[in-house]
């Protein structure tokens with residue numbers, strides 16, 4: 001079984017003598033539970049694993065019950081060390097405050113209980129950690145699988161990765177594309193929206209949010225103002241509502257909106273978003289065409305390639321702590337602007353969808369980026385770009 005790099009990091013934490021609260025966050029179906037299973041196989045430690053996803057009413061009392069089980073099990077352990085693992089922690093009301101109280105009580109009583117919390121909603125996890133657990137936790141982000149991971153585990157080509165994306169659980173279904181699309185739609189998209197957003201956040205117009213998601217996937221790699229979007233929707237609400245829904249979709253690992261690069265924060269925040277899926281499977285699963293049909297259409301295939309480049313930049317940004325933007329001034333545009341430690345690089349993708357652009361020269365003149373890159377055409381092949389860590393661009 002393929003082992004992600006996160007397993008090594010968790011094993012290193014396990015071998016440290018000190019107690020910890022380790023928060024493992026990431027979208028659904030990227031292997032968080034599998035990594036935990038591998039961790040338990042590789043480490044001789046007594047443990048208690050439970051998921052809040054299977055509990056009808058996941059309140060703080062349920063969490064306290066699970067913690068008491070861990071306290072009970074640690075008593076006969078010869079190592080006097082115990083690992084408590086709780087999956088989908090964000091489903092528990094007021095979870096962070098209760099974890100703080102239980103953790104602090106173990107500290108006073110000198111119980112050596114180490115804790116791993118798993119969750120698929122970045123927004124709710126980060127809110128809880130900031131509000132209640134400051135100084136008590138470390139985080140690991142597990143994103144969608146990269147091309148290198150899908151190639152190593154399933155021997156995929158770059159073309160397969162660009163179309164079928166980075167969901168390992170669906171990999172064995174790609175020979176039956178109708179079945180694969182059904183799996184991605186029902187088990188991944190619908191589950192993520194219904195369980196990770198609608199059940200846990202205030203969404204006044206769920207139908208509107210679902211339409212926004214579908215529209216964003218269709219226009220992935222393109223810039224659309226919320227005003228223009230509202231013109232295409234029957235129940236559009238307002239731009240603030242749409243921006244909020246896009247943020248919820250982003251934190252669930254589904255759909256993001258890159259901001260326009262500018263010298264000041266206000267201009268960045270007020271810009272029209274450039275839609276970007278977190279996983280190209282979210283585009284492919286909703287299209288009528290199949291893999292071979294898309295490959296035969298240079299324009300449509302070019303859009304898939306550009307979205308694959310965007311997903312590579314987006315997913316790595318969450319673990320490498322850099323920012324991704326786009327830039328546009330009138331008819332001049334740069335596909336991606338990556339900002340890291342006050343330095344920027346510009347990236348232009350040459351694909352079947354777009355073979356010419358005058359934006360890079362204007363961008364370079366205005367902002368003096370550290371470097372500029374051409375992906376595809378006569379530049380770095382997009383297939384090679386998917387193999388590198390974007391931090392290397394600097």
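If you fit an axis through the alpha-carbon atoms of helix 60-74 and take the longest principal axis of the Cα set of the chain, what angle between them do you get, 0 to 90°, nearest 10? Once rounded, one gets 60 degrees. The calculated FRET efficiency for the pair residue 65 and residue 1, based on their C-beta separation and a Förster distance of 25 Å, comes to about 0.20.
Kirkwood-type hydrodynamic radius, segment 12-89: 13.8 Å, calculated from all non-identical alpha-carbon pairs. Expressed as a fraction of 2.2 N^0.38 Å, the C-alpha radius of gyration for the chain is 1.04. The simple Förster model, with R0 at 30 Å and r as the Cβ-Cβ distance, assigns residue 138 and residue 262 a FRET efficiency of 0.35.
Which number do you get for Rg(Cα) / (2.2 N^0.38 Å) in segment 245-333? The partial results should precede the final answer.
Numbers: Rg = 14.5 Å, N = 89, 2.2 N^0.38 = 12.1 Å.
Segment 245-333 yields a ratio of 1.20.
Taking packing as the residue-averaged number of other Cβ atoms within 10 angstrom, the listed peptides 99-109, 331-341 run from highest to lowest as 331-341, 99-109.
Out of every Cα-Cα pair in segment 170-322, what percent are more than 25 Å apart? Write down the numbers at each step before the final one.
On the way: 3583 of 11628 pairs.
Everything past 25 Å amounts to 31 percent.
With all pairs of separate Cα atoms included, segment 87-211 yields a Kirkwood hydrodynamic radius of 17.5 Å.
With the helix formula -39500 (n - 2.57) applied to DSSP H stretches of n ≥ 4, the chain reaches a computed 222 nm mean residue ellipticity of -12500 deg cm²/dmol. Relative to the longest principal axis of the Cα atoms of the chain, the long axis of helix 239-251 lies at roughly 60 degrees. Highest average first, the peptides 319-326, 248-255 ordered by how many other beta carbon atoms sit within 10 Å of their residues are 248-255, 319-326.
Per residue, the Cα convex hull of segment 5-141 amounts to 103 Å³.
Based on C-alpha pairs under 8 angstrom that are at least 6 apart in sequence, the chain has a relative contact order of 14 percent. Applying 1/(1 + (r/R0)^6) with r as the Cβ-Cβ distance of residue 16 and residue 127 and R0 = 35 angstrom yields a FRET efficiency of 0.80.
Where a number appears in this text, it was derived from the coordinates with a stated rule and is not lab data. Everything numeric in this text was worked out from a predicted model, so none of it was measured. Reconstructed Cβ throughout: ideal geometry from the backbone, glycine too, with neighbour counts over all protein chains shown.
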